[in-house]
Ligand SMILES: Nc1ncnc2c1ncn2[C@@H]1O[C@H](COP(=O)(O)OP(=O)(O)OP(=O)(O)O)[C@@H](O)[C@H]1O
Ligand SMILES: [Mg+2]
């Protein structure tokens, strides 16, 4: 998918194990500036990769470098450089939101005189109002996610690692969290967001790494991925089942049938590599079908995801 411009995090052939379980297996990735999505199903190794970047997990073999320094970072330097929003509960329950964020800011190297002001600013940004003066034990999941985000950004780190930041939030909360992430992903920042939800990653990311079973199976700039498939068309056809089968078989001779989908009383076909549409009309006539829709189509990350998992074969039929 082409080279990464200015990689900020580079993993080279990481092998990470938990006892007998291999969590990362020859995992290589280069994360550029901007927002990158780490996309993969449960158990793929997303959190393990994030913890490896933080130095919380030692790989059995392989190398990881963060901001051009290989292993050379002290713990404090790492904390100053990286903000981390963990996946699970990690908050100190009997602290108030504000206390926790200012405490974390001090741990991340902020001087006392800045900590108060910066903590308020981070909480404002994350959208936590008066609740900041309440104990965390009384917080809803959404509020907890906001405090987690605030403590992650409070010291203005260059690199931010957000492990499933929308987990447990309602739809509005999710949308808001994603738009906050877009905002923090401004100039000169590197944000890595892990998720198993395609459209979330699609919505915010400039770059994406698809991970499965501990391996990086696809990576690249979203823009390149989406443009890599030219001349895509979406068709909706109606007719007898047998005729539709023959129709799709005919199409396959000329083009790549990306996928087919049954939709109520019609068949949806996504075609790629299309040069001329003439043969489509001929086949429609030949099999006595009704062509109800035909438009250029945009490739989504989902198509890419499906294709990655199938090793390039067609889907849905
Ligand atoms: N502490 C642990 N002890 C043993 N195995 C673990 C541990 N943590 C993770 N694993 C295993 O390592 C693999 C990768 O786990 P990881 O948590 O990195 O996946 P993930 O992509 O973050 O999944 P999820 O979407 O569920 O958060 C899985 O098989 C998991 O069961
Ligand atoms: Mg995880």
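The values are calculated or read from the model by the stated rules, or taken from the named source; none is laboratory data. Because the structure is a prediction, the values reported are computed rather than measured. Glycine also receives a Cβ, built like all others from the backbone with ideal geometry; neighbour counts cover every protein chain displayed.
With a requirement of 3 or more residues that are surrounded by 14 or more Cβ atoms within 10 Å (Cβ to Cβ) and within 16 Å of ligand 2 (Cβ to nearest atom), the helices (runs of 4 or more DSSP H) lying completely within the stretch 45-151 that satisfy it span 46-54.
Filtered by the rule that a residue be within 12 Å of ligand 1 (Cβ to nearest atom), buried (at least 20 other Cβ atoms within 10 Å of the Cβ) and at pLDDT below 95, the stretch 1-44 gives 39, 40, 44. Going through (1) free of Cβ contacts under 8 Å to residues at least 12 places away in the same chain; (2) at positive phi one by one, residue 172 falls short only on (2).
Quick grid of which residues meet (1) at pLDDT below 95; (2) over 29 Å from residue 65 (Cβ atoms); (3) within 16 Å of ligand 2 (Cβ to nearest atom):
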{"site": "175", "(1), (2), (3)": "yes, yes, no"}
{"site": "179", "(1), (2), (3)": "yes, yes, no"}
{"site": "183", "(1), (2), (3)": "yes, no, no"}
{"site": "188", "(1), (2), (3)": "yes, no, no"}
{"site": "192", "(1), (2), (3)": "no, no, yes"}
{"site": "195", "(1), (2), (3)": "yes, no, yes"}
{"site": "201", "(1), (2), (3)": "yes, no, yes"}
{"site": "217", "(1), (2), (3)": "yes, no, no"}
{"site": "223", "(1), (2), (3)": "yes, no, no"}
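Scanning the stretch 152-186 for residues that are touching a strand residue (DSSP E or B) at 6+ places or on another chain (Cβ under 8 Å) and in a helix (DSSP H, G or I) yields 152, 153, 181, 182, 184. Considering only residues in the stretch 264-278 that are touching a residue at least 24 places away in the same chain (Cβ under 8 Å) and farther than 19 Å from residue 238 by Cβ, the one that is surrounded by the fewest Cβ atoms within 10 Å (Cβ to Cβ) turns out to be 275.
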